[in-house]
Structures are given as structure tokens and as C-alpha cells.
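What follows is a short report on a single structure.
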Amino acid sequence: MYKIFDTVDEVSRYTAQRLLAKIKAAPTAVLGLATGSTMEPVYAQMLKDIQQAPVDLSQLTTFNLDEYMGLSAQHPQSYNYYMYQHLFNQLNIPARNVHLPDGLASDVETACQAYSNAIEAMGGLDLQLLGIGSNGHIGFNEPQTCFNSRTHIVELSEQTRIDNGRFFDDQNEVPTHAITMGIQDILNAKEIILVATGSNKTEIMAQLFASAIDEALPASALKQHKNLTIVLDREAAALLPEQALKSAV
Ligand code: GLP
């Protein structure tokens, strides 16, 4: 299902409301969270909404999608740091319920397996929030990642390193590898919301709409999911065909 809004503000309000509705309906919910600039206004809106109408977060569990390898939790460009800055520092989710892949794990293979196992042990993700890379990656699952992958190490594509270079002082500082939940972990979520905004997502959203389910475009895996909402602003939706816009609500 597509939801298309005029502005990023409306996209963020809708997405924050969906996340909060899930938590209110099930205080023990397990959420899969994402990073990136798309999520900044979403999290800011969530914080605003929670300030206005407090929500019990004491039983909430979160698992983040991904993390750069080689960056500590204190590194300003680590996703751990991002999540605490944009969300967790302002919320009372118990620290033991918050999970992110460890970019400095000494035994990465074991840590990856443990991460997918921990999600399963919680009964799976109730709702996974996703952004999308300009090459169609979800989490850090780059093109050609197996759709049955679990949490694993990835070598970042040149495109992704260039895209994400904007957050670093120097392009050479962008890590070459990352840990990401696998596509199977994502597909196992009971509900998925993919958010894309702005003109740098126009092209990939049109490609995703037209694409068959194909490992060359990781986000196309989501087309087999029974409960997927794609939330876009007008810019990201600009090249979607009439057919998609008509079915959007
Ligand atoms: C990063 C993250 C993804 C995110 C994507 C889009 O590479 N690993 O999880 O969805 O970029 O980010 P942005 O929202 O900044 O465009």
C-alpha cells in the first residue's frame, strides 16, 4: 500500500503516529528501527507526540537495522550515536531492551548470529521501519544480497559510501564494511513501513515500483510481504505512474 503526502512534515506525522499506535496497542511491542536523514523528522515528531501524550515505553524492545563496522558507539557517525541523539536519550526505554549491532564486535560472525537469534527469541519484529538507499538497499543489504540472508557483514558499495560520505568530514573516513540485519530478518517482521522523501529518492522509487522481485534491487523483496506500507512525499513519488498514485490512499 502506498501513502503519499505533500510534505515531509505530513510523512513524519503519519509515520510517527503508526509507530506510536503500535506501541499503545501492544506495550511489549518489538520495533525494528532505522537511521538516516529520512528518519530524523520522524523521530523528532515521535518525541513531540510523546511529550504531548505520554506513552508507556517501559516494556518496549527495539532492534536497529544496521551499524558501521569499526565505529564505536561514541563515534558521532555511528548509528548507535545517532539513535541516542535522535531518540533514546529523550525516552525512557530500558537500556537492556535497546539493541544495535556492535560495530566493534571481536567475533563478528557470532555476534551476527546472536543478533538474529535475539530477534527471534523475542518472537520477531512486530513492526520494521525502513528507509531506502539510492541503489535500493534496505538496512545495508546491498544489491545482490540473498533474500534469505540473516544478520551479516557487508562490504558497502561505492554508491552507498558516496551517498553516506555527506555525514563524514572526509569521504575516506566512510567505513568500507557494515553489519546489517538480513533481508530474511526484515521480511519476518509482521509489519513493514518504508519511508522515502525528497528528490534523491524519486528515481529509485520509480524503479522499485516497476521492478520484479529481484535480488538486484534489495527493496523489491518487500513486494512479497503481506503488510507493507510505502510512505512517500510528492517529490519521492514524482515518477510513479498514475496507476500507483490512484491506488495510494
Ligand atoms: C543508510 C542506511 C539505511 C538508510 C539509507 C537511507 O545507508 N543504512 O538504513 O535507509 O541509508 O538514508 P537516508 O534516509 O539518509 O537517505
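Looking at the stretch 101-194, which chymotrypsin sites (Phe, Trp or Tyr not before Pro) are DSSP coil and have at most 16 other C-beta atoms within 10 Å of their C-beta?
Those that pass, being in a loop and sparsely packed, are Phe168.
Using a 10 Å cut-off around each Cβ, can you sort Val11, Val98 from fewest to most neighbouring Cβ atoms?
Going from least to most buried by this count: Val98, Val11.
Suppose a student asked you for the relative contact order of the chain, using Cα pairs under 8 Å spaced at least 6 residues apart; what percent would you report?
Relative contact order, the chain: 25 percent.
In the stretch 142-234, what % of DSSP beta bridges are antiparallel (nearest 5)?
Rounded to the nearest five, the antiparallel share is 45 percent.
How large is ³J(HN,Hα) for each residue in the stretch 94-100, as worked out from phi by the Karplus curve 6.51 cos²θ - 1.76 cosθ + 1.60 (θ = phi - 60°), to whole Hz, x for Gly and Pro?
x, 3, 5, 8, 9, 10, 9
How would the stretch 1-114 be classified by its alpha-carbon gyration tensor: rounded, prolate or oblate, with rounded meaning a/c under 1.5 and the a/b versus b/c comparison settling the rest?
prolate
If you take every residue apart from Gly165 with its C-beta less than 13 Å away from the C-beta of Gly165, what net charge results, scoring Lys and Arg +1 and Asp and Glu -1?
Neighbourhood net charge equals -3.
Under 18 Å from a label point 7 Å along Cα→Cβ of Asp9: give me every residue in the stretch 202-235 with its amide N that close.
232-235
Let me have the relative contact order for the stretch 67-177, percent, based on Cα pairs under 8 Å that are six or more residues apart.
24
Between Asn200 and Phe167, what is the label-point separation in nm under the 7 Å Cα-to-beta-carbon projection?
It is 1.1 nm.
For Lys48, give me every one of the lysines with a C-alpha distance below 21 angstrom, ignoring sequence neighbours fewer than eight places off in its own chain.
Answer for Lys48, where 21 Å is the Cα cut-off: Lys22, Lys24, listed by chain and number.
Tell me, Leu245, Leu57 in order of fewest to most beta-carbon neighbours within 10 Å?
Leu245, Leu57
For Lys190, give me every one of the aspartates and glutamates with a C-alpha distance below 16 angstrom, ignoring sequence neighbours fewer than eight places off in its own chain.
Candidates past the 8-residue exclusion: Glu120, Asp126.
Laboratory data are not the source of any read-out in this text; all were calculated from the coordinates shown. Note that the structure is predicted; figures quoted are calculated from it, not measured. Glycine also receives a Cβ, built like all others from the backbone with ideal geometry; neighbour counts cover every protein chain displayed.
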